[in-house]
């Protein structure tokens, strides 16, 4: 086992949910070690968070600018290998840009940027500087999501016809943002979240899951966005009809006002000779149907694809969950970074890239455009 | 217990699926007794079917015209009380019209008619002649569907926000109509099925379920219809975005090419303070969520609404199914007929009426109009 | 279709649960028609119940003795074809005996008799008089129970190793008998229920299901019986270890104090190369596993055994339930009666017989013997 | 966050399943860091495994004796804080004993020892030397298992009546040990596994889960052990009837020949006014029933007990699994060690102790005694 990569985190202070998840995921396999951070946009909080995480005071920074400046001032062998960007959405672009310009690999949370122009800039910057810029669409890390992708690619269910993607949550069914709850506040604030609410936060996960699993490309879409909770300016619910290149059709719905739903991400793919169904809340089962009728419950064990097998750590029946899937994203990012450092050609680590991030942002833009135009049909243009 | 009503059946010969279902449903409670029939559009087959069902040869007819003529020629006390119309779609209107004009109550399968103009004609004819004209949207007969309706009407989950209705089957995923299979043949034939395929056959059930359970009225819709199986002229798959009067939104998807799905009718209703979820394939459980988090599994037992309690025959844990639900529709129709015969004012038997049938046909027309116009938004007009 | 057999019912007045179930089941296929009854042990109640069911006053009897006397006084072509015995347990034997002695076929509820000596007497009486004596172990009527039986008999899962049978209810978790509730009162009363409570009422169903599905014969058993509710003299809970002839092992648990369980009858059979699992509360799914790992969900459709196919009335996805399964028991009894009347050799209708009833009563006796002897092991002797 | 404790591992070389699990679990929270090891009973393999795990060669040992000798030769501040013992069963006792005698805290896998005499020796040694000796009954680490325990302790379901514990696997349904598969070989070998097979390996988990969750103490038991696979000398299947002090009853079944079962550990507890059901393969849901009928699905979110809340890392809907539960055991062990080092009184960390380990070994002994004596009843004696 090679020594862990060392990374810094921007954002993700102790009161942020997602920062802790990134740290757990990075730590799980011992592939990445957090050694530096600018963990909050408020300098003092940033230092406090760093101390409470036990970071070296020398590498506890007041701002991301300071972090980049000081880390890159260190000898190459001593600087961080990559930076995890886990700030609210509006900061993804400036932070990631600064990192990439400074020659640092980036792992960035989603939605990738506020605009697809920004996303293209980051994508191209990473390419031109030969840097990794991964986007943590973590649900693609589940072994059975990868199995689903492999099965479809292998033709196991024939040509795709209909895709149902949904991501339903209920935690924003009331005006939680008015209670001062931090997660709700920035996610419902256009300044920090961008032009979309639920659509950006979770709709992009659904879009990415469709793309990752099916390989289908959206040809046109028609989206209806709603803000159900009074006083909320961004959508908290969206439904879209999708038409894919090649003739498949689909629906994608996402909502944060589905009372009682916790994290209901589900993908159902129907094709000529079979179907595959996966539900994030019960992630260790993949359902497969075929024309002859019976329903097969596939678990992580048995004769699975290499992509699924290499993504699992435990025998079937020993439940794996969210952290392991997230850790697979980090593992892929670490593989990609090490591959670049070794001067090897890029392998497909399955970890989503800036291009995947860009497509998600574009998806949001086109849905918002459709909605603003009376939920009319919009052709996909990059 | 009053003596059973006596009824005739038009269509539903021995090789038809749905005729047998109607007979089982009518027989279950001993409320209706089949005594006459014109069971096929082919005279000889009609007589053969009648014989195999043990009908009196005197009341085994060669055609529905003959049936109506001869039955109405009998003294009133000896004629059939009502006629069940279970033919392919295109015959619903002429048969029902002839029955209603002859003073016979009607129980008609769905979709009610080929056009909403026909539906209006039947609805008004029934009203003017003071006759029952019930439509067998059988899924509304399930006790827990009625419980769901009662809970929503009582305000148990607050104001409605989002409705997901889906009805997914897979039996037409291949060109079954080319094999000579009767069910598939007429359902995919515009001459006999009408302007829609899956949408008319099962989409109307989904529309009716939404209407019955939520009471919401569609304000506008946008539908995308597809014929996935090569050579098929009618849709075998449809997805629609719905906007309801009052601000609720919804999606309705129906498909007969979802390989492996048997009879996947599901309704999920999310509202301000709770949600309710019901799945036809597991009909004895109703899920209820609320803002405080836990999910409650409601079964037929316990403190249910009168509407649910009166629709159930067995203690919870003793599964009820499709036939019982269908029988509840017949029970309601019999109640309505007896009520009319007794000169009582019409009670709400919960059995769907010609007006429900009309709304379903109109739904189909508007979806087809939307689809023909590039899946544009269409305002609901009656 | 042959005309329905005509039957009388002893017990099953309007306030009894199981009488209504028998009537629904008998009516479902139009194979049997209720025309006479002695519906209660109280003469006036018997007549009242008959009237409310619309029975002919001439055939509404005050007692089962009167019923048998008067029916057998009629010309053979006019008398009832069989008698359904749905009284509390202690009357099964005298009523069935009188019927069989009078030459009337019998359909009897379970547990068959109070003692196995009585059961042997009825079994032999039926045999000697060439009469049908069916026992309504209704759960064997489910199509997928019959599929399970067929699969095991065909060797689909290899030699049987371990059987888990459980039947868990919760309705007697409190002293419901003290509230005057009729069902609870007689079931907890040794005078009317016999030497066992839960064990006799539902344990016999579990025993029968094991026997029907697996064909295994118990070699010895060890049972622990408990009366958890204070003041109750009969068991409301029982657990038994089973050893079968040939080396398979098993557990059988039944309880009526499992709060929240409605009618939790489950059978799991593990064998050399596969396993089969069926749950009564979700009866339209049979799970099959095999050595290679995946779990297959079998529904009523597809390539099922003749035994399963002939027991189902609807396509898969259209839930069948308790009544249909019960109706299959009646159908088998009617087939058996008609077969005898036609002078044909007895076919295996799959409907349980007096011998099955006897084995169930013997099972109860041996469990009680084991329990009384400190839950020691008891060899099976007939 | 305090710096991680540093630990050594005995056993758990790279080809062992459970060693990797312990490492993942220890790493998850950053509470414990592996710095030394004697990872195999074969010196060279031990060193190879250490190298592949990136351990410092100075702390890569050839044997556990060498490990203990050299580590304790280091200054206290530099030696390992504790030793994880993850060898086959027969080595637990000698290794743990040597560690405890050398003053090193121990985390030991289960079953704790080969005999209860050994277990008592270790327990007392730990007590007398004021050392932690934790046993990794990892299933008690699940948040909802801890919730179940808290609910029962709080009286939420009233006095306990019936407990069903089962742990069913299928991986040893064939003679896997004959294929040279390491896991199967030692687990079926009395020299290394002890007097029991399935009972020791997984039955002890079930016993521990019952004890942890319910607090009930076994008063007597009756066990039937079987070796279904030809040639196997230890049990691969066991069923036991349990009687608890205070009147509750139970069954415990464990098997490794249940084809198709992966890791089916389930606990169902029925009590006077409610019931609780938990299934390891779907660990993020706890079912609760009550006398009024509905079934409530409890997830990790909402108003849970402190014991459950502190054991969870993610919001509900984000599945947690086996590793997180296992990590909770390590976290408790680390808490206990730090507490001892700080000279504080022992807090209840919920991590199982040597006494829990001893009780499990005693359970095995008494089951084996019962089975050897014709599956007779055996009183519990410590």
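The values are calculated or read from the model by the stated rules, or taken from the named source; none is laboratory data. Worth saying up front: this structure is predicted, and the values here are computed from it rather than measured. Note: ideal-geometry Cβ built from the backbone for every residue, glycine included; neighbour counts use all protein chains shown.
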Subset of segment A:162-208 [without any contact (Cβ under 8 Å) to a residue 24 or more places away in the chain and surrounded by fewer than 17 Cβ atoms within 10 Å (Cβ to Cβ)]: A:179, A:180, A:181, A:185
Among residues belonging to segment D:314-330 that are surrounded by fewer than 23 Cβ atoms within 10 Å (Cβ to Cβ) and either in contact (Cβ under 8 Å) with a residue 40 or more places away in the chain or over 24 Å from the mean Cα position of the chain (by Cα) (or both), point out the one that is nearest to the other protein chains (Cβ to nearest Cβ). D:317
Looking at segment A:157-172, is at least one residue in contact with a helix residue (DSSP H, G or I) (Cβ under 7 Å, 6 or more places away or on another chain), in a loop (DSSP other than H, G, I, E, B) and away from chain B (no Cβ under 12 Å)? no
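Could you tell me which of the residues C:15, C:29, C:56, C:78 is exposed (fewer than 15 other Cβ atoms within 10 Å of the Cβ), assigned by TED's automatic domain parsing to the domain that holds residue C:339 and under 22 Å from the mean Cα position of the chain (by Cα)?
On inspection, the qualifying residue turns out to be C:15.
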Subset of segment D:176-196, residues closer than 16 Å to residue D:365 by Cβ and in a helix (DSSP H, G or I), comes to D:190, D:193
Within segment C:5-29, which residues are facing another protein chain (nearest Cβ under 9 Å) and in contact with a strand residue (DSSP E or B) (Cβ under 9 Å, 6 or more places away or on another chain)? C:21, C:23, C:27
Quick check, is residue D:7 in contact (Cβ under 8 Å) with a residue 12 or more places away in the chain and either surrounded by fewer than 22 Cβ atoms within 10 Å (Cβ to Cβ) or more than 24 Å from the chain's Cα centre (by Cα) (or both)? no
State the number of residues belonging to segment B:125-156 that are more than 17 Å from the chain's Cα centre (by Cα) and assigned to a helix (DSSP H, G or I). 10
Among (1) within 17 Å of residue B:306 (Cα to Cα); (2) without any contact (Cβ under 8 Å) to a residue 40 or more places away in the chain; (3) touching a helix residue (DSSP H, G or I) at 6+ places or on another chain (Cβ under 8 Å) - the single one residue B:348 does not satisfy: (3)
Lone qualifier among A:145, A:106, A:117 - being without any contact (Cβ under 8 Å) to a residue 40 or more places away in the chain and touching a strand residue (DSSP E or B) at 6+ places or on another chain (Cβ under 8 Å): A:106
Scan segment A:366-375 for residues that are at negative phi and surrounded by 17 or more Cβ atoms within 10 Å (Cβ to Cβ) and jot them down. A:366, A:367, A:368, A:370, A:371
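So, in segment B:32-51, exactly how many residues are in contact with a helix residue (DSSP H, G or I) (Cβ under 7 Å, 6 or more places away or on another chain) and either away from every other protein chain (no Cβ under 11 Å) or without any contact (Cβ under 8 Å) to a residue 24 or more places away in the chain (or both)?
Final tally of qualifying residues: 7.
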Of the residues in segment A:336-354 that are surrounded by fewer than 17 Cβ atoms within 10 Å (Cβ to Cβ) and in a helix (DSSP H, G or I), the one that is farthest from the chain's Cα centre (by Cα) is A:341
